[in-house]
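Have a look at the structure below, then the notes.
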Amino acid sequence: MKENILSFTRDELKSRFKQIYNLPSYRTEQVFGWLYKDISTFDEMLNVPKKLRENLTQDFFIGQMSVFQSHRSHDGTEKYLLKCVQDDNVIEAVKMEYYHGISACISTQVGCEMGCVFCASGRDGLVRNLSAGEMIGQILAIQKHAKIRISNIVLMGAGEPLQNFEEVMKFLELVHDPQGLNVGYRHITISTCGLVPEIYKLAELNLPITLAISLHSPSDTERSRIMPINKKYPLKDLIYACLAYIKKTKRRITFEYALIKGKNDSIADAEALIKLIKPVFAHVNLIPINTTDTKLRAPDLQWVEKFNEYLNSHGQNATIRRNLGSDINAACGQLRWQYLKKSE
Ligand code: SF4
């Protein structure tokens, strides 16, 4: 069976090529470099001998995904439905434009089993993990489609990245490789709903990435209601893991807090939030929830600003995140969910 060549790190490719073709390492470097240029077939690798190109075509495929739907927002955000090369599964990715560069938010799994109630990605459960090559394939597809270069990567699309730990770590290596995507670790954010053992595991790797925790409530009762993972790893355990992470990496953590009207947006919630995360010295990103078709609604903007002011005036650093792409269903999983429902 052919393998996705985008899933190989440079070292892995060197040893595989040595093993099957007895190739010197400079040839592997050539092939590896080509993978991150705008090519879709091995025949386009002009300085690679013809025989090797034929062998590569026979043994591998370039798993660049294909964009088959794109939706552009008035604010420049573009959301894509992409098709996996191997099995036609459909996933989502988003391109967002900021003053500091262009970010790609990609998926790490097809579906998700974490079951957060505000998220459309988890509604049909987990289908499968994505490979590192399929994550790279999303970035390459976006770059090709939009004719841009991605400078920041956010693992905040469908799936829980830390549940697909090994492939995500391999993806980070490929992203960071100067011959790969050449995006520095500091420009990469991993978001987790709070898989405590994996936060400790990630801390051990001591990577200078940004870790974002989807917190969304300072109360175990409410958080367990909206994020079932909290029943397994309650807030106390999560905060301990965050403290261990900071101690090891010396990196600041970000807490994502999606404001949901009547659920987590009272002043009492703000007070409890400040108390809970005080020892972590974290930044809070407030996000008025981007509504899916559930009954959950965002508070009005004035209240969001009041909540933000309350946090800041009580010593807790917080900002309101721009709600990008709300006119194109850019919230997690909405586009894929609609596509799947239409195809039923
Ligand atoms: S918010 Fe993230 S972890 Fe929760 S269901 Fe959606 S994709 Fe999964």
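Nothing in this text is a laboratory measurement; each read-out follows from the coordinates by a stated rule. Here the structure is a predicted model, which means the values were calculated and not measured. A quick note on method: Cβ atoms are made from the backbone with ideal geometry, for glycine too, and the neighbour counts reach across all protein chains shown.
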Distance cut-off 32 Å, Cα to Cα: go down the list LYS51/LYS79; LYS18/LYS147; LYS79/LYS247; LYS50/LYS147 and report the pairs above it.
LYS51/LYS79; LYS18/LYS147; LYS79/LYS247
So which trypsin sites (Lys or Arg not before Pro) in region 33-109 pass both tests, a DSSP loop state and at most 13 other Cβ atoms within 10 Å of the Cβ?
LYS37
Expressed to two decimals, the chain has a Cα Rg over Rh, using the Kirkwood radius, of 0.99
Take LYS83 and LYS37, extend 7 Å from each Cα along the Cα→Cβ direction, and tell me the distance between the two endpoints in nm.
2.8 nm
Could you give the nm distance between label points at LYS51 and LYS250, where each point is 7 Å from its Cα heading toward the beta carbon?
5.2 nm
Mind checking which of PRO197, PRO228, PRO288 has the largest fluctuation in a GNM of the chain, springs on alpha carbons under 10 Å?
PRO197
With 0.36 nm assigned to each residue of separation and the Cα-Cα distance removed, LYS306 to THR9 gains 102.2 nm
Gaussian network model of the chain, springs between alpha carbon atoms under 10 Å - residue of LEU174, LEU140, LEU207 with greatest fluctuation:
LEU207
Whole-Hz ³J(HN,Hα) for each residue in region 191-199, computed from phi via Karplus 6.51 cos²θ - 1.76 cosθ + 1.60 with θ = phi - 60°, x for glycine and proline: what do you get?
10, 10, 7, x, 7, 4, x, 6, 5
Size of the dipole of the chain about the Cα centre, Lys and Arg at +1 and Asp and Glu at -1 on the beta carbon, nothing else charged, in debye to 20?
420 debye
Amide proton proximity set for GLY111, modelled H, under 5 Å, gap of 5+
VAL127
Here the percent of antiparallel bridges among DSSP beta bridges lying wholly in the chain, to the nearest 5, is 45 percent
Using amide H atoms built in the peptide plane, which far-off residues or other-chain residues are under 5 Å from VAL284 H to H?
PHE255, ALA318, THR319
What angle, in degrees between 0 and 90 and rounded to the nearest 10, separates the Cα long axis of helix 165-176 from the longest principal axis of the Cα atoms of the chain?
70 degrees
For region 106-167, which trypsin sites (Lys or Arg not before Pro) are in a loop by DSSP, counting at most 15 other Cβ atoms within 10 Å?
LYS147, ARG149
Hits among lysines - C-alpha to C-alpha of LYS248 under 28 Å, sequence gap 8 or more where chains match
LYS170, LYS201, LYS231, LYS232, LYS236, LYS275, LYS278
The chain, Gaussian network, Cα under 10 Å: of GLN109, GLN143, GLN64, the residue fluctuating most is GLN143
Amide H neighbours of ALA93 under 5 Å, counting only residues 5+ apart in sequence or on other chains, H built in-plane at 1.01 Å?
TYR80, LEU82
Under a point spin-label approximation (7 Å from Cα along Cα-to-Cβ), what is the THR221-TYR99 distance to one decimal in nm?
4.3 nm
